[in-house]
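Okay, structure first, notes after.
The values are calculated or read from the model by the stated rules, or taken from the named source; none is laboratory data. Keep in mind that what you see is a predicted model, and the values were worked out from it rather than measured. Heads up, the Cβs are rebuilt from the backbone with ideal geometry, glycines too, and the neighbour counts pull from every protein chain shown. These area figures cover heavy atoms from the full protein model, side chains too; ligands, DNA and RNA do not enter into them. Shrake-Rupley method; radii C 1.70, N 1.55, O 1.52, S 1.80 Å.
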Amino acid sequence: MPNATAVINLDIEGPTISRHLYGHFAEHLGRCIYDGFWVGEDSPVPNEGGIRLDIVQALRALDIPNLRWPGGCFADEYHWKDGIGPRDERPRMVNTHWGNVEENNHFGTHEFMALCELLGAEPYISGNVGSGTVQEMSEWVEYLTRDGDSPMVRLRKANGREEPWRVKYWGIGNETWGCGGNMRAEYAADLSRQYATYCRDHGDNKLYRIASGASDDDYKWTETLMRQISCFGCEATPKNYFQGLSFHYYTIPGPWESKGNSIVFDTEDYYRTMVQARRVDRLIAGHSAVMDVYDPGRTVGLVLDEWGTWWDVEPGTNPGFLFQQNSLRDALVASTHFDIFHKHAARLHMANIAQTVNVLQAMILTDGDSLVLTPSYHVFEMNKGHQDATSLAVHLRADDARRTVGDTELDTLSASASAKDGRLLVSLSNLDAEEPAEITLDLRGRSIGTASARVLTADRLQDHNTPQTPAAVAPRAFDDVKVTDRGLALTLPPHSFLTLSAPLL
Ligand code: AHR
């Protein structure tokens with residue numbers, strides 16, 4: 001059994017872990033919005049103004065910080081004026097990216113903002129660069145955020161909303177290298193500057209403009225964008241066109257044509273998945289290194305506004321709907337990502353899991369009026385104490401906690417820690433499929449009070465939750481934490497995620 005030590009200096013504070021690293025993403029894709037968040041006012045499913053209330057309740061329990069909408073690829077064919085006014089008069093369109101289904105625009109700007117208000121989450125709106133216009137995007141910002149009197153303000157008021165909303169996070173396009181217009185980086189950079197120029201700060205509403213960035217390890221894209229979108233040290237106003245630059249990374253262990261099933265996989269598939277999940281560490285470091293060249297003061301945030309597992313769709317479901325199950329394997333992908341996010345908190349300002357409901361690595365799966373919380377949901381819940389906490393570096397000494405996977409070595413232990421409101425929170429993942437791991441938490445610099453812990457695991461990595469077995473993978477209390485002269489000691493079960501919390505004295 002691997003024997004590891006995690007040294008944590010409780011008195012050496014790192015950067016703040018932005019709560020926005022726990023952000024979410026909801027696209028007009030499959031059953032995320034329609035038959036997901038949105039059931040309509042006439043639905044027998046309990047709702048407020050058409051928004052499904054059990055979903056709201058479940059997400060509020062995560063302290064969901066923000067929600068990105070309306071896409072994804074859909075954002076670049078979405079025309080916001082089609083989604084305002086009386087619902088039965090709204091124009092329809094075809095959602096060409098996702099299933100070629102008809103979009104009735106019943107869920108639009110007002111519905112999205114109402115959803116954010118119910119969730120207590122900040123909106124993150126992704127504007128259309130691929131097939132929209134500068135004027136269209138500029139007017140959307142005006143419609144949402146301007147006070148007083150103006151053409152868009154009058155339109156908003158005519159649609160029943162007197163007060164402007166507050167919107168901070170604004171995406172300028174999505175995947176401009178692909179579904180968002182198939183552009184070259186140089187062109188995307190110029191276009192992004194142009195669009196950003198007309199996304200105005202109205203009154204005291206200050207936008208955090210996010211340029212659509214790279215995929216995976218395309219550092220050249222990041223380099224071009226950073227070189228062309230930033231204006232550091234130049235005399236022009238505004239000094240910076242953007243406050244954030246995005247990139248996307250999905251955990252896909254197989255080839256695109258055969259990504260594998262979400263719950264039918266073997267141990268080898270599992271380890272390959274975890275190697276791919278851990279790759280995000282190098283990617284964040286790589287994009288950050290490029291950004292450091294142009295922005296050494298780290299004023300521009302890196303925004304991973306799409307991440308998560310991407311499997312083959314569940315057999316029998318619409319291939320364009322990206323519906324997949326979610327097992328303990330997905331939960332460990334999430335817990336590993338969060339440890340890595342915490343480590344990069346100085347540059348990484350936001351991350352958005354794709355996607356919140358019924359699509360890809362969802363938090364929630366619905367079937368009619370039933371709702372299931374996925375294993376990934378529980379990781380978000382168990383980790384929520386890290387939001388806006390001060391990160392504490394964890395030094396892991398775990399030489400024998402390794403697996404050889406093809407020609408790579410997979411570290412099978414992952415950890416992170418933070419402090420907030422006088423409490424320590426430690427997250428530990430044992431990625432080994434079979435072996436438990438003994439861990440000593442060597443806590444230095446401060447003392448702690450009595451610790452309590454919870455563990456998320458199951459008999460099999462393939463285990464998942466269904467309406468019939470909703471708690472097959474759910475957190476339970478973990479009592480076997482020993483106090484030693486160096487701190488704490490515990491044995492992590494194989495394929496498990498554990499959080500430990502204690503008052504700091
Ligand atoms: O999340 C699904 C899709 O993945 C998004 O629409 C797109 O941005 C990405 O390619």
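The single condition from (1) within 26 Å of residue 402 (Cβ to Cβ); (2) within 18 Å of the chain's Cα centre (by Cα) that residue 267 fails is (2). Kindly indicate whether residue 160 is over 22 Å from residue 322 (Cβ atoms), without any contact (Cβ under 8 Å) to a residue 60 or more places away in the chain and within 16 Å of the ligand (Cβ to nearest atom). No, not satisfied.
Would you mention how many residues in the stretch 413-439 are closer than 30 Å to residue 65 by Cβ and surrounded by 14 or more Cβ atoms within 10 Å (Cβ to Cβ)?
Quick first cut of the stretch 413-439, residues closer than 30 Å to residue 65 by Cβ only: 413-431, 439.
Now drop any that are not surrounded by 14 or more Cβ atoms within 10 Å (Cβ to Cβ), which leaves 413-420, 423-431, 439.
Final tally of qualifying residues: 18.
Per the conditions (1) open to solvent by 10 Å² or more (accessible area, probe 1.4 Å); (2) within 12 Å of the ligand (Cβ to nearest atom), the sole criterion not satisfied by residue 78 is (1).
Among 60, 90, 19, 52, which is away from the ligand (no atom under 16 Å from the Cβ) and buried (at least 24 other Cβ atoms within 10 Å of the Cβ)?
Going through 60, 90, 19, 52 in turn, just one is away from the ligand (no atom under 16 Å from the Cβ) and buried (at least 24 other Cβ atoms within 10 Å of the Cβ): 52.
Summed over the stretch 335-356, the residues that are open to solvent by less than 10 Å² (accessible area, probe 1.4 Å) and either within 16 Å of the ligand (Cβ to nearest atom) or in a strand (DSSP E or B) (or both) give a count of 9. When each of 194, 135 is tested for being over 18 Å from residue 80 (Cβ atoms), assigned to a helix (DSSP H, G or I) and in the same structural domain as residue 299 (by TED's automatic domain parsing), the lone residue that passes is 194. Is there a residue being under 19 Å from residue 111 (Cα atoms), among the hydrophobic types (A, V, I, L, M, F, W, C), away from the ligand (no atom under 14 Å from the Cβ) and without any contact (Cβ under 8 Å) to a residue 12 or more places away in the chain anywhere in the stretch 144-156? Yes, there is a match, as at least one residue in the stretch 144-156 is under 19 Å from residue 111 (Cα atoms), among the hydrophobic types (A, V, I, L, M, F, W, C), away from the ligand (no atom under 14 Å from the Cβ) and without any contact (Cβ under 8 Å) to a residue 12 or more places away in the chain.
The residues of the stretch 371-386 that are open to solvent by less than 30 Å² (accessible area, probe 1.4 Å) and part of a strand (DSSP E or B) amount to a single one, 372.
Quick check, is residue 418 part of a strand (DSSP E or B), within 12 Å of residue 498 (Cα to Cα) and in the same structural domain as residue 496 (by TED's automatic domain parsing)?
Working: part of a strand (DSSP E or B): yes; within 12 Å of residue 498 (Cα to Cα): no; in the same structural domain as residue 496 (by TED's automatic domain parsing): yes.
Against the criterion (part of a strand (DSSP E or B), within 12 Å of residue 498 (Cα to Cα) and in the same structural domain as residue 496 (by TED's automatic domain parsing)), residue 418 does not qualify.
Yes/no per residue for (1) touching a residue at least 60 places away in the same chain (Cβ under 8 Å); (2) more than 26 Å from residue 229 (Cβ to Cβ); (3) among the β-branched types (Val, Ile, Thr):
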| site | (1), (2), (3) |
| --- | --- |
| 324 | yes, yes, no |
| 340 | yes, no, yes |
| 349 | yes, no, no |
| 370 | yes, yes, no |
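Condition check for residue 152 on (1) within 30 Å of residue 282 (Cα to Cα); (2) open to solvent by 10 Å² or more (accessible area, probe 1.4 Å); (3) part of a helix (DSSP H, G or I): one failure, at (1).
Among the residues of the stretch 315-334, those identified as within 16 Å of the ligand (Cβ to nearest atom) and assigned to a loop (DSSP other than H, G, I, E, B) are 317, 318, 322, 323, 324, 326. The set of residues from the stretch 179-191 being open to solvent by less than 10 Å² (accessible area, probe 1.4 Å) and either among the polar types (S, T, N, Q) or assigned to a loop (DSSP other than H, G, I, E, B) (or both) comprises just one member, 180.
Being out of contact with any Gly (no Cβ under 7 Å at 6 or more places or on another chain) and either of a type outside the set (Lys, Arg) or at pLDDT 95 or above (or both) is not true of residue 40. Every listed requirement among (1) surrounded by 20 or more Cβ atoms within 10 Å (Cβ to Cβ); (2) not in a loop (DSSP other than H, G, I, E, B) is met by residue 359 save one, (2).
In the stretch 457-471, the residues that are of a type in the set (Gly, Ala, Ser) reach residues that are modelled with pLDDT of 95 or more with C-beta atoms within less than 6 angstrom, at least six apart or across chains, in these pairs: 458/328; 458/473. What number of residues in the stretch 277-310 are open to solvent by 20 Å² or more (accessible area, probe 1.4 Å) and either within 16 Å of the ligand (Cβ to nearest atom) or assigned by TED's automatic domain parsing to the domain that holds residue 405 (or both)? Here the count works out to 1. Going through (1) modelled with pLDDT under 95; (2) open to solvent by less than 30 Å² (accessible area, probe 1.4 Å); (3) not small (Gly, Ala, Ser) one by one, residue 221 falls short only on (1).
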